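The structure appears below as structure tokens.
The values are calculated or read from the model by the stated rules, or taken from the named source; none is laboratory data. This structure is a prediction, so every number in the text was calculated from the model and none was measured. Virtual Cβ from ideal backbone geometry, glycine too; neighbours counted across all protein chains shown. Heavy atoms of the whole protein, side chains included, go into the accessibility calculation; ligands, DNA and RNA do not. Shrake-Rupley method; radii C 1.70, N 1.55, O 1.52, S 1.80 Å.
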Amino acid sequence: MNIKGLFQQNMNFGKKLIRLHHINALLFLVLSVTGFVLFSSSFRSTLPTFRVWIKDIHIWIGIVFCLPLLFYIPKMRKHLKSLSKKKEHRVNLYIVLSIVTVLIITGLQLTFHRQFPPVVSSVSLFFHDAATWFGVPYATYHSITRSKWFKRLTAGKTVDLPREEPMIISEENPIYRRRTFLKLLSGSIIAVAFLPSFLKWIKPFLPENAGSNEQALPDGNNLNPLPSPSPKSAPPVGGGRRGEFRYYTVTEIPAINNDNFSLAIDGLVERKQKWNWNQFVNVHRDVQVSDFHCVTGWSVYDVTWEGIPLKKLLQEVGVKEKAKYVKFYSADGVYTDTLTVEQAMMDDIMVAVLIDGKLISQNNGGPVRLIVPKMYAYKSVKWLNRIELIQKEHVGYWEKRGYDKNAWVKSI
């Protein structure tokens, strides 16, 4: 790429197109890098503070990414006319425009996802991811095979024989020309590099894998006895969840066993309460079916949770009049969040132990996690070990880092 060409004046039509192409390529590179960083669960745990910044950069670069396209649209007809005899170039243009269009439309929807029901965000996230998993390898292949060094590498001379004569396989006339062979080699290397990550992404969408990951994941928790599921949980009254959880954490995942498990309710209450595991598994549990929505766009539907309604726990301990907020603590020692007392009294908020009749896995916040179905999942605190009634508002972990305090999910 000629960097000086990006700032050159008085260029002809062809050079203007090249400049637009290079600007788009640079923006797409930044979008790809920031997108994969946001997709990475390890990044969330190592540098969680920067996640919101990266997200904002990704969104703003995405908006800027639209501008070169607006400059190109008036020139598109002339450009297509110049490619009338170059089929390969036209096909490439259609592919690139299709990828860019999908990324822009779905990206805008995901940016303003709070204005849409979760099902719209889930569909948009799927197509945004699909366009990324196809677009990034394709753009990488396109950049390599169109680069000057690749052209120099494949500039060997070949001899074309008349069609009516038999093809002679020789060093000067191989079955595959050097350029064709290197293109195939480049494409194969790129495909192999991206294949493991692509398969990891697409696997949850395959029918035979729906709802299976909870069982397949290794679990670092070691608890006895295991809670016996209610007849409504096994088989799950919701019919089994649709969709897959994406597992995020801002710290190292805690391993919980009989010795270190506890759940306490304290603060501004009439009667403080604390359970060890043996006591907690004997507390009467209810069953509910609800959906689970992440603020990043994905959702899991018809999840059968079994646990104790938070409202019931708060009523049993007695909330003092001056208590205004309920603060939730995670066993990771870092994550916290809050609800108002009025919000905490909603009927469907649950201190959950089982999911679809099975103990909630360590990765998914088990053995005990909060479930707040009508709010985005950053309110559903994982590895729950303490509930405190407080008077003054506490700002939660992600809200401190830029997430909206308004976590309500838009209803359909």
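Based on the Kirkwood approach, the hydrodynamic radius assigned to segment 253-321 is 14.6 Å, with every pair of different Cα atoms included. Expressed per residue, the C-alpha convex hull volume of segment 83-151 stands at 91 Å³. Remark: for residue pairs LYS327/LYS374; LYS320/LYS382; LYS85/LYS151; LYS272/LYS327; LYS232/LYS324, the C-alpha separation exceeds 23 Å in LYS320/LYS382; LYS232/LYS324. Working note: Karplus 6.51/-1.76/1.60 with θ = phi - 60° gives segment 389-399 the couplings 8, 10, 8, 9, 5, 10, 8, x, 3, 6, 5 Hz, where Gly and Pro are set to x. Per-residue 3J(HN,Hα) values for segment 20-34, derived from phi via the Karplus relation 6.51 cos²θ - 1.76 cosθ + 1.60 with θ = phi - 60°, read 4, 4, 5, 4, 4, 5, 5, 5, 5, 4, 5, 4, 5, 5, 5 Hz in sequence order (x marks Gly and Pro).
Could you list log10 I(q)/I(0) for segment 305-361 at q = 0.14, 0.18, 0.19, 0.25 Å⁻¹, which the Debye formula gives when each Cα is one point scatterer? Treating every Cα as an identical point scatterer, log10 I(q)/I(0) equals -0.45, -0.72, -0.79, -1.11.
Taking label positions 7 Å along the Cα-Cβ direction at both LEU184 and ALA255, the computed distance is 4.9 nm, reported to one decimal. For segment 251-317, the dipole from Cβ point charges (+1 on Lys and Arg, -1 on Asp and Glu) about the Cα centre works out to 260 debye, to the nearest 20.
Solvent-accessible area of segment 101-151 (1.4 angstrom probe, protein heavy atoms only): carbon and sulfur portion equals 76 percent. Close amide H partners of GLY366, meaning residues 5 or more places away or on another chain with modelled amide H under 5 Å apart, are SER361, TRP383. Taking a ≥ b ≥ c as the square roots of the Cα gyration tensor eigenvalues, segment 21-112 comes out prolate, since a/c reaches at least 1.5 and a/b is larger than b/c.
Kirkwood radius and radius of gyration were both taken over the C-alpha atoms of segment 118-157, and their ratio Rg/Rh is 1.37. Across GLU316, GLU321, the residue with the most accessible area heads the list, and the full order at a 1.4 Å probe is GLU321, GLU316. Ordered by 1.4 Å accessible area with all protein chains kept, LYS382, LYS232 run largest first as LYS232, LYS382. Among HIS284, HIS21, HIS293, the sequence by solvent-accessible area, most first, with a 1.4 Å probe is HIS284, HIS21, HIS293.
Per-residue SASA remark: SER143, around 70 Å² accessible (1.4 Å probe; ligands, DNA and RNA not included).
Diffusion coefficient of segment 212-340 by Stokes-Einstein, Kirkwood radius over Cα pairs, 10 °C, 1.306 mPa s: 93 µm²/s.
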